[in-house]
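Peer 1: Please find one structure pasted underneath; my questions will follow.
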Amino acid sequence: MRVFFVVTHLLGSGHLSRTLVLARAHLKAGHEVTLVSGGMPVPHLSHDGITLVQLPALRSDGVNFTRLLDDKGDVAPESLMRDRRDMLLSTFEEAATDVLVTELFPFGRRSLSDEFLALLKTARARKNPPRICCSIRDILAPPSKPSKAARVRDIIAEFYDAIIVHSDPDVTPLAASWPVTEDISEKLRYSGFVANPPAPMHPDALGQGEVLVSAGGGAVGDALYSAALGAAKLDGDLHWRVLVGGADAAAKCAALKELCPANATIEPARPDFRQMLHCAKASVSMCGYNTALDILQAGTPAVFVPFDAGGEVEQSLRASALAKMAGIRVVNSVDLQPETLLNTVYSVVQDPRRDPQTQGLDGASRTVELLETLVKAPIHAD
């Protein structure tokens, strides 16, 4: 089976990270994988064995997802958007594809509708068109207007064979964040949560006994980093390790080191982060899909500070659900102060340590099975 993934991450790198987990699962199952990425390059994410095609990169202007910037931080010109579309279509034309998977679109990435719709029309026009699927996480940004939900339904009806939701419907059904009508419901396939294989303990026990602070691969953690360094100054006995994400991580690290007390370490995001979680006294992070699963797999006591700028609700909903578990607390951004953060860390490490979660995280292998079944089924079959 030949699978063609298309993903553009605009703020953090979670969308790309999750799609790479899916791509690696297909590769392991003996399938050919092409992954087209339209966001900023993320060097620490491995794509060994996967044909990775990088489009001219885009990112959002903070949480303004309608204002797209190029890799220099300038507003993306129409010429760049044309180049992206042309490169995407030419890459697809050269690929013999059995399944086309669009990550998030049409439920999101409306600012990239032109290139996605051009791709979908090209795919459907083939003599032997591929099956077309949408890959979405557990929780979506709800539509702000009924017309937006209606537009999504129209695109799904015209182009899509299936919608694969990477969650457990008993935990976070799609209807918790999106209006699921009957025509959408009949195309839903739940894969379970998509996690990397469990990471082993760090061979050097790096991070042992530390408070491990992270904000994913995006450039949205400034307030979290600042609060963590402030908390470190309040308790010199705790060591805090702050991992800085984003394309400008080196510059941010240099600036933060000027504010860094002796009991804190500042460095860019690391590829061995998941191994370090096993050693950490506690994790302080946002509550993106991938980070939440990493923490559940490791069993690390965790303080979540969900990202909620620009009216975002995804991480807050996820954090609230996870906070019912032992060893997990939530500090909302409005309450994020050094003393509050420190006291919450004190509190969470007093809970009994959770066992690492091993069940319900095989969504990548289940996605492989779902796509294999879809390809084998008769065309237009339910």
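Peer 1: Which of 29, 292, 319 ends up with the largest GNM mean-square fluctuation for the chain, with Cα atoms connected below 10 Å?
Peer 2: Maximum among the listed residues: 29.
Peer 1: What percentage of the solvent-accessible surface of region 299-382, computed with a 1.4 Å probe over protein heavy atoms, is contributed by carbon and sulfur atoms? Numbers along the way, then the final one.
Peer 2: Numbers: 2310 of 4510 Å².
Of all accessible area on region 299-382, carbon and sulfur atoms account for 51 percent.
Peer 1: In angstroms, what radius of gyration and Dmax does region 62-134 have, counting Cα atoms only?
Peer 2: 13.6, 41
Peer 1: If you roll a 1.4 Å probe over the heavy atoms of the protein chains, what accessible area per residue do you get for region 1-65, in Å²?
Peer 2: Numbers: 2400 Å² over 65 residues.
Per-residue accessible area for region 1-65 comes out at 37 Å².
Peer 1: Could you size up the charge dipole of the chain around its Cα centre, putting +1 on the beta carbon of Lys and Arg and -1 on that of Asp and Glu, and report it in debye to the nearest 20? It would help to have the intermediate numbers written out before the result.
Peer 2: On the way: 38 positive and 45 negative charges, 78 e Å.
Dipole size: approximately 380 debye.
Peer 1: At 1.4 Å probe size, with the rest of the protein present, what percent of the exposed accessible area of region 150-271 is carbon and sulfur atoms?
Peer 2: On the way: 2880 of 5400 Å².
About 53 percent, which is the carbon plus sulfur part of the accessible surface.
Peer 1: Most mobile of 145, 233, 257 per a Gaussian network model of the chain (Cα springs, under 10 Å)?
Peer 2: Between 145, 233, 257, it is 145 that shows the largest mean-square fluctuation.
Peer 1: Sticking with this structure for a sec: May I ask which of 28/187; 72/252; 127/376 have a Cα-Cα span longer than 19 Å here? Before the final figure, lay out each step's value.
Peer 2: Numbers: 28/187 26 Å; 72/252 17 Å; 127/376 17 Å.
Over 19 Å Cα-Cα: 28/187.
Peer 1: Once you charge only the Cβ atoms, +1 for Lys and Arg and -1 for Asp and Glu, what is the size of the charge dipole of region 244-382 about its Cα centre, to the nearest 20 debye? Let's see the in-between values first.
Peer 2: On the way: 12 positive and 16 negative charges, 70 e Å.
Computed about the Cα centre, the dipole is about 340 debye.
Peer 1: When you take every Cα atom in the chain, what is the radius of gyration, and what is Dmax, the widest Cα pair distance, in Å?
Peer 2: 20.8, 67
Peer 1: So, one more: How much accessible area does residue 330 have with a 1.4 Å probe, in Å² rounded to the nearest 10?
Peer 2: 50
Peer 1: If you don't mind, another one. With the convex hull built on the Cα atoms of region 272-382, state its orientation-averaged projected area in nm².
Peer 2: On the way: hull surface 38.8 nm².
Mean projected area of the Cα convex hull: 9.7 nm².
Peer 1: Suppose a student asked you for the relative contact order of the chain, using Cα pairs under 8 Å spaced at least 6 residues apart; what percent would you report? Provide the component values of the computation, followed by the final result.
Peer 2: Values: 727 pairs, mean separation 59.9, N = 382.
Across the chain, relative contact order equals 16 percent.
Peer 1: For region 161-306, with the dipole built from +1 on Lys and Arg beta-carbon atoms and -1 on Asp and Glu ones, taken about the Cα centre, which of 244, 259, 298 lies farthest toward the positive end?
Peer 2: After comparing all options, I get 259.
Peer 1: Over its Cα atoms, what ratio of radius of gyration to 2.2 N^0.38 Å does region 206-250 give? It would help to have the intermediate numbers written out before the result.
Peer 2: Values: Rg = 11.0 Å, N = 45, 2.2 N^0.38 = 9.3 Å.
Region 206-250 yields a ratio of 1.17.
Peer 1: Report in % the part of the accessible area of region 1-106 that belongs to carbon and sulfur, leaving out ligands and nucleic acids; probe 1.4 Å. All intermediate terms of the calculation are to be shown ahead of the outcome.
Peer 2: Values: 2170 of 4380 Å².
Reported share for carbon and sulfur atoms: 50 percent.
Peer 1: From the C-alpha gyration tensor of region 313-376, pull out the three semi-axes of the equivalent ellipsoid (sqrt of 5λ each), sorted largest to smallest, in whole Å.
Peer 2: Over the Cα atoms of region 313-376, the semi-axes work out to 35, 16, 7 Å.
Peer 1: Just to verify a number: FRET efficiency for residue 355 and residue 127, C-beta to C-beta distance, R0 = 41 Å, to 0.05?
Peer 2: Working: r = 52 Å, r/R0 = 1.28.
FRET efficiency, residue 355 to residue 127: 0.20.
Peer 1: Now, a different point. Using 16 Å as the cut-off for backbone N distance, which residues of region 28-68 belong to the label zone defined by a point 7 Å from the Cα of residue 365 along Cα→Cβ?
Peer 2: 28-31
Peer 1: Something else about it: Measuring from label point to label point, each 7 Å out along Cα→Cβ, what is the residue 180 to residue 145 span in nm?
Peer 2: In this crude label model, residue 180 to residue 145 measures out at 2.7 nm.
Peer 1: Can you give the accessible area per residue of region 86-227, in Å², using a 1.4 Å probe? Before the final figure, lay out each step's value.
Peer 2: Numbers: 5890 Å² over 142 residues.
For region 86-227, the solvent-accessible area averages 41 Å² per residue.
Peer 1: Work out the FRET efficiency for residue 72 and residue 254 from their Cβ-Cβ distance, taking R0 = 25 Å, and round it to the nearest 0.05. Kindly include the intermediate steps, with their values, before the conclusion.
Peer 2: Values: r = 20 Å, r/R0 = 0.81.
FRET efficiency, residue 72 to residue 254: 0.80.
Peer 1: Pull up the DSSP beta bridges for the chain and report the antiparallel fraction as a percent, rounded to 5.
Peer 2: Values: 5 of 51 bridges.
In the chain, approximately 10 percent of DSSP beta bridges are antiparallel ones.
Peer 1: Please identify, among 23, 162, 255, the residue showing maximal mean-square fluctuation in a Gaussian network model of the chain using a 10 angstrom Cα cutoff.
Peer 2: Of 23, 162, 255, the Gaussian network model singles out 255 as fluctuating most.
The values are calculated or read from the model by the stated rules, or taken from the named source; none is laboratory data. Values in this document were obtained by computation on a predicted structure and should not be read as measured data. We place every Cβ from the backbone using ideal geometry, glycine too, and count neighbours over all the protein chains shown. Just the protein is used for accessible areas: all its heavy atoms, side chains included, with ligands, DNA and RNA removed. Shrake-Rupley method; radii C 1.70, N 1.55, O 1.52, S 1.80 Å.
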